[in-house]
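Student: Next up is a structure, given as structure tokens.
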Amino acid sequence: MNSEPITQESSTRICNHMNKDHEDAVNAYAKYYGKIKTFKSAKMISLSPEAVQIKIDEETLEIKFDHILQDCSDAHKTLVRMIKAIPKL
């Protein structure tokens with residue numbers, strides 16, 4: 001990851017990567033941060049410096065970050081920190 005700015009293109013790339021390679025993390029974000037216990041599917045659809053949007057079944061959930069992301073490297077670090085902060089059940 002580098003200091004690439006968060007743009008529509010980088011948002012799409014990050015979302016595609018998360019949905020393809022880290023489906024378990026996207027599901028965990030929906031359950032923990034979105035407080036949604038049961039759903040059929042969760043897909044990350046957009047990432048901005050302020051929040052990530054996840055489509056859960058037919059609803060769209062916005063999860064705000066704890067700070068304004070500076071770049072794609074910050075997005076990566078923040079998403080990793082968020083998944084590590086979720087208590088193991």
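Student: Using only the alpha-carbon atoms, how far is helix 23-32 inclined from the longest principal axis of the chain? Give it as 0 to 90 degrees, nearest 10.
Tutor: Helix 23-32 sits roughly 70 degrees off the main axis of the chain.
Student: A follow-up question, please. May I ask you to list the chymotrypsin sites (Phe, Trp or Tyr not before Pro) in the range 1-82 that are in a DSSP loop and have at most 14 other Cβ atoms within 10 Å of their Cβ? List each step's numbers first, then the result.
Tutor: Values: sites: 29, 32, 33, 39, 65; in loops: 33, 39, 65.
Passing sites in the range 1-82 do not exist.
Student: If you don't mind, another one. Find the lysine pairs in the chain meeting two conditions, Cα atoms under 12 Å apart and a separation of 8 or more places or different chains, and report how many there are.
Tutor: Values: 20/43; 31/40; 40/55; 43/55.
Value for the chain: 4.
Student: If amide hydrogens are placed 1.01 Å from N in the peptide plane, which non-local residues have theirs closer than 5 Å to the one on residue 51?
Tutor: 65
Student: What is the chain's relative contact order, in percent, from Cα pairs under 8 angstrom and six or more apart in sequence? Write down the numbers at each step before the final one.
Tutor: Working: 122 pairs, mean separation 27.5, N = 89.
It rounds to 31 percent for the chain.
Student: Keeping every protein chain in place, order 60, 78, 12, 38 by accessible area at 1.4 Å, biggest value first, i.e. largest first. Provide the component values of the computation, followed by the final result.
Tutor: On the way: 60 90, 78 0, 12 65, 38 120 Å².
Largest accessible area first, the residues go 38, 60, 12, 78.
Student: Please identify the trypsin sites (Lys or Arg not before Pro) of the range 1-31 that satisfy two criteria: DSSP loop assignment and at most 11 other Cβ atoms within 10 Å. Which are they?
Tutor: Passing sites in the range 1-31 do not exist.
Student: Once the Cβ-Cβ distance between residue 4 and residue 88 is put in as r, and R0 is 22 Å, what FRET efficiency do you end up with, to the nearest 0.05? Please list the in-between numbers first.
Tutor: On the way: r = 32 Å, r/R0 = 1.45.
Once the sixth-power term is evaluated, E becomes 0.10.
Student: Over the chain, what percent of the accessible surface lies on carbon and sulfur atoms, probe 1.4 Å?
Tutor: Details: 3100 of 5830 Å².
Carbon and sulfur: 53 percent of the exposed surface of the chain.
Student: Binning every alpha carbon pair distance of the range 43-89 at 5 Å from zero, what are the percents per bin?
Tutor: The distribution over the range 43-89 is 5, 21, 27, 23, 16, 7, 0, given as percents.
Student: Taking loop as defined by DSSP and a crowding limit of 14 other beta carbons within 10 Å, which GluC sites (Glu not before Pro) in the range 30-69 fit? Kindly include the intermediate steps, with their values, before the conclusion.
Tutor: Details: sites: 50, 58, 59, 62; in loops: 50, 58.
Of the GluC sites (Glu not before Pro), the ones in loops of the range 30-69 whose Cβ has at most 14 other Cβ atoms within 10 Å are 50, 58.
Student: Using modelled backbone amide H atoms (1.01 Å from N, in-plane), which distant-in-sequence or interchain residues come within less than 5 Å of residue 6's amide H?
Tutor: Under 5 Å from the amide H of residue 6 lie the amide H atoms of 72, each far enough along the sequence or on another chain.
Student: To continue, here is another question. I'd like the FRET efficiency for residue 23 and residue 77, computed as 1/(1 + (r/R0)^6) with the beta carbon distance as r and R0 of 22 Å, rounded to 0.05. Before the final figure, lay out the partial values.
Tutor: Values: r = 20 Å, r/R0 = 0.92.
E(calc), rounded to 0.05, equals 0.60.
The values are calculated or read from the model by the stated rules, or taken from the named source; none is laboratory data. All values derive from a computational prediction rather than experimental measurement. In this analysis, Cβ positions are derived from the backbone assuming ideal geometry, glycine residues included, and neighbour counts consider all displayed protein chains. Just the protein is used for accessible areas: all its heavy atoms, side chains included, with ligands, DNA and RNA removed. Shrake-Rupley method; radii C 1.70, N 1.55, O 1.52, S 1.80 Å.
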